[in-house]
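Reading through the structure tokens given below for one structure.
The values are calculated or read from the model by the stated rules, or taken from the named source; none is laboratory data. Bear in mind that the values here come from a model prediction, so they are computed numbers and not experimental data. Every residue, glycine as well, gets a Cβ built from its backbone with ideal geometry; the counts of neighbours run over all protein chains shown. All accessible areas refer to the heavy atoms of the entire protein, side chains included, with ligands and DNA or RNA removed. Shrake-Rupley method; radii C 1.70, N 1.55, O 1.52, S 1.80 Å.
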Amino acid sequence: MYTTNQTKKLQAATISWLAEKDMVVNAGNIEELRDILRFHEYRYYVLNDNLIQDPEYDRLYKALEKYEEAYPASVTKNSPTQRVGAGLIKDFPKRQHLVPMLSLENSYNAEDLYDWDRKARELSGLDMIEYCAEPKFDGASISLIYEDDLLLTGTTRGDGEVGDDITPNIRQIRSVPLSAAFSSYGIQQIEVRGEVMLNKKNFEKYNAGLAEEGLPPLANPRNAAAGSLRIKDTREVAKRNLEAFLYHVSYITDSDHKDQTNDEPTTHSGMLEMLWQLGFKSPQKEMKVLKGIDAVIKHIEDYENLRDTLPYEIDGIVIKVNDLALQDRLGITSHHPRWAIAYKFKARQATSKLLDVEYQVGRTGAVTPVAKIQPVQVGGVTVGSISIHNEDYIREKDLRLGDQILIERSGDVIPQIVRSLPELRTGGEKIIKYPTHCPVCGDQLVKPEGEAVWRCVNINCEAQVVERIIHFVSKDAMDIRSFGEANVRKFYDLGLIKDIPSIYDLSGESLQQLEGFGAKSIENLLQAIEASKIQPLHRLIYALGIRYVGETTGKTLAQAVNNIFDLATFTDEQLKQIDDVGVKVARSIFEFFQNEDNTRMLAKLQAAGVVMERTKSAGFTEGGFSGQTFLFTGTLNKLKRSEAEDQVEKKGGKILSGVSSKLNYLIVGDDAGSKLEKAKKIPAIKILSEDDFLNMIGIAGDK
Ligand code: IVH
């Protein structure tokens with residue numbers, strides 16, 4: 001998509017825009033600014049390899065937005081600002097597909113594939129066919145139409161003939177280009193098909209948000225993607241972080257060829273390459289061109305093993321005849337194209353028996369029922385217990401003790417109960433009785449009006465205290481490595497910690513008495529506790545475990561204040577002024593800071609040396625690293641790569657993406673490779689170990 005030279009040029013232009021304190025946008029440079037923003041969207045959303053940080057992108061975006069607001073006539077259809085929709089959509093109009101969206105024939109084993117290949121060879125008269133194999137993405141299918149290089153419509157599959165026009169929602173998917181230079185291939189109008197996906201990480205995040213509200217999670221990323229496309233509030237769609245893989249060109253009208261610089265592809269793999277070149281997330285890297293069906297079968301075996309390592313869900317492999325002219329000759333049956341087939345991986349469902357229900361108390365007092373089931377293998381993992389969310393869920397699924405149940409596990413996603421199998425009941429099954437009192441502290445449970453979960457409201461309930469500590473030290477919160485859930489429970493039971501601030505009172509002496517804790521593990525733990533003191537403010541806010549305050553809200557709140565104690569001075573109304581903070585969230589934050597136990601806890605954390613202030617945003621501080629450039633390579637042991645980079649940026653330094661003469665420091669972790677070799681050849685680069693770096697930023701390393 002972008003050549004090395006273009007990349008260099010755009011990145012250089014980015015740096016010079018960012019160097020301006022007040023960016024001056026005018027008619028002469030606005031297209032450059034748009035190009036820069038498109039470039040960084042592409043780096044982030046298509047390549048997953050961003051060259052600048054979010055605050056920097058936001059500065060550039062806001063400059064464009066400000067100019068376009070002042071000069072509305074300057075707005076173009078494909079300006080990066082034009083993804084954000086007008087808000088609520090009334091209805092999705094129906095739209096007829098240019099070509100019916102057929103489904104594919106399914107196959108489940110090598111025999112099916114041999115059969116299919118034989119028929120294709122017979123029909124074509126060829127001895128061997130060249131195929132293109134690519135992942136079968138497990139999402140929601142869409143069709144996009146581009147005309148004169150601009151995205152015109154985005155439509156759901158619907159019944160295959162007519163779908164819903166969801167264009168405003170499609171525009172929220174940042175990996176879908178608003179414009180693409182199809183004219184350079186002599187194409188005036190094109191229909192491109194693909195799959196909208198929610199990757200596993202974002203799916204889990206989304207479900208965690210639902211759980212926070214006591215709502216049952218969605219069963220799998222496919223349902224989540226399909227549901228997201230039908231949301232009528234485009235801003236809500238944007239928040240889901242959907243992505244789109246485009247894998248099929250179904251229709252093309254040629255242009256007058258005056259801007260044509262490339263030949264129109266004649267193979268399917270060529271089409272994927274073209275889409276990739278034009279900035280789409282096509283499976284250009286994931287596809288494989290293979291000669292003959294035996295090679296395809298071998299490839300499928302290899303790929304199935306990769307399934308769990310992929311960041312998104314796939315449920316099989318799609319095999320397509322690569323030559324487009326041959327595809328045409330093979331044609332379609334009444335249901336399916338003859339030139340493609342889906343190979344479906346083994347289903348990840350199993351049946352088991354519901355033996356018992358246990359109740360867990362979370363950090364906000366929410367009581368979660370957990371089904372204990374007869375251990376069963378699902379997709380290579382043994383499942384023995386499954387969260388069943390809340391009382392309503394149990395009723396809706398009509399679960400009874402002793403029931404046979406169908407369970408599903410999609411990828412590495414948490415297993416779920418799909419349904420009970422009442423047809424297999426013997427009569428001995430028992431209705432599940434929901435507890436009325438906290439299983440840990442015995443207090444009466446309450447269920448506030450309109451909420452789905454029962455709660456223990458005793459803030460000193462031991463279960464909640466322990467869960468709050470576990471949350472505080474967890475990876476996405478203060479990230480106190482090697483602490484972990486098991487140690488929190490152990491230390492709490494032994495009386496070594498009693499609440500969050502007491503983490504910072506842990507000493508070498510108190511830990512020494514513990515069995516299984518050697519000098520090295522004690523040192524690592526204490527070092528991790530020490531390092532957590534300088535975590536950015538947004539992590540601290542998230543770590544406090546305020547109800548409804550997830551990582552994203554943590555970030556928004558951190559941006560709105562200079563110091564955590566500022567939040568305590570905000571009224572409900574002031575909190576609601578903050579982006580993304582609604583009535584419920586505002587109330588929860590307000591109540592948190594009204595509680596004296598909480599303010600006392602914050603004072604103790606401050607006294608322990610935990611940083612309570614916001615450090616200025618990346619790249620613009622006059623810190624000790626100002627003007628210095630850094631690059632990390634290899635595996636770091638004590639800090640995460642992202643944390644180490646945060647530290648550099650917090651101190652005013654810059655992270656570079658590659659080794660060049662502009663680089664000042666290369667920090668080398670384990671198994672460093674070519675970057676280290678390259679850096680050794682440039683004498684001006686200082687090569688440091690992770691410990692050297694830790695010393696440099698003021699966290700004691702090993703030396
Ligand atoms: S090709 C006319 N390629 O699987 C053929 N489909 O029934 C167009 N799918 O409806 C489809 N990954 O939603 C194709 N790499 C891929 C795919 C894919 C997922 C979906 C698509 C289709 C269904 C097959």
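The table for this structure:
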{"quantity": "For the chain, calculated [θ]222 nm from helices alone, where every DSSP H run of n ≥ 4 adds -39500 (n - 2.57)", "calculated": "-10500 deg cm²/dmol"}
{"quantity": "Förster radius 51 Å - calculated FRET efficiency between Thr333 and Asn78 (Cβ-Cβ, nearest 0.05)", "calculated": "0.85"}
{"quantity": "Net lengthening on full extension, Asn109/Asn598 (0.36 nm per residue, minus Cα-Cα)", "calculated": "170.1 nm"}
{"quantity": "Amide H within-cut-off set for Thr153, under 5 Å, with H built and near neighbours excluded", "calculated": "Ile145"}
{"quantity": "Positive-pole candidate from Ser103, Trp116, Ile166, dipole of region 101-173, charges at beta carbon", "calculated": "Ile166"}
{"quantity": "For region 151-260, with +1 on Lys and Arg beta carbons and -1 on Asp and Glu, the positive-most of Gly186, Val176, Ala211 along the dipole", "calculated": "Ala211"}
{"quantity": "Region 423-513, accessible area per residue, ligands and nucleic acids excluded (1.4 Å, Å²)", "calculated": "54"}
{"quantity": "Positive-pole candidate from Ala477, Gly402, Ile459, dipole of region 396-519, charges at beta carbon", "calculated": "Gly402"}
{"quantity": "Estimated FRET transfer efficiency (Arg425, Lys94; beta-carbon r; R0 30 Å; 0.05)", "calculated": "0.10"}
{"quantity": "Residue-wise HN-Hα coupling along region 382-398, computed from phi with Karplus coefficients 6.51, -1.76, 1.60 (Hz; x: Gly, Pro)", "calculated": "8, 10, x, 9, 9, 5, 10, 6, 7, 4, 4, 4, 4, 5, 4, 7, 6"}
{"quantity": "Residue-normalised accessible area of region 64-131, expressed per residue, 1.4 Å probe, Å²", "calculated": "65"}
{"quantity": "The chain - charge dipole about Cα centre, Lys and Arg +1 at Cβ, Asp and Glu -1, debye rounded to 20", "calculated": "700"}
{"quantity": "Computed E for Asp308/Tyr434 - FRET, C-beta separation, R0 45 angstrom, nearest 0.05", "calculated": "0.80"}
{"quantity": "Accessible-area composition of region 402-492, carbon plus sulfur, in percent [1.4 Å probe]", "calculated": "53"}
{"quantity": "Loop-located trypsin sites (Lys or Arg not before Pro) in region 1-62 whose Cβ has at most 12 other Cβ within 10 Å (DSSP)", "calculated": "Lys21"}
{"quantity": "Accessible area of region 335-374 belonging to carbon and sulfur atoms, whole % at 1.4 Å probe", "calculated": "43"}
{"quantity": "Percent antiparallel among DSSP beta bridges (both partners in the chain, rounded to 5)", "calculated": "85"}
{"quantity": "Portion, in percent, of the accessible area of region 123-227 that falls on carbon or sulfur, probe 1.4 Å", "calculated": "51"}
{"quantity": "Region 252-365 - accessible surface per residue (Å², probe 1.4 Å)", "calculated": "48"}
{"quantity": "Within region 88-175: Cβ-based charge dipole about Cα centre, in debye rounded to nearest 20 (Lys, Arg +1; Asp, Glu -1)", "calculated": "440"}
{"quantity": "For the chain, the fraction of alpha-carbon pairs in successive 10 Å shells from zero, as %", "calculated": "3, 12, 19, 24, 22, 14, 5, 1, 0"}
{"quantity": "Size of charge dipole - region 526-630 - debye, nearest 20, with Cβ of Lys, Arg +1 and Asp, Glu -1, no other charges", "calculated": "180"}
{"quantity": "Set Lys239/Lys298; Lys66/Lys662; Lys66/Lys475; Lys62/Lys201; Lys21/Lys475 screened for pairs whose C-alpha atoms are more than 30 Å apart", "calculated": "Lys239/Lys298; Lys66/Lys662; Lys66/Lys475; Lys21/Lys475"}
{"quantity": "Low-density loop positions, GluC sites (Glu not before Pro), region 1-102 - DSSP coil, at most 11 other Cβ in 10 Å", "calculated": "Glu20"}
{"quantity": "Sorted peptide list for 181-187, 45-51, 430-436, criterion being average Cβ within 10 angstrom, highest first", "calculated": "181-187, 45-51, 430-436"}
{"quantity": "Those GluC sites (Glu not before Pro) in region 429-458 that DSSP places in a loop and that have at most 16 other beta carbons within 10 Å", "calculated": "Glu449, Glu451"}
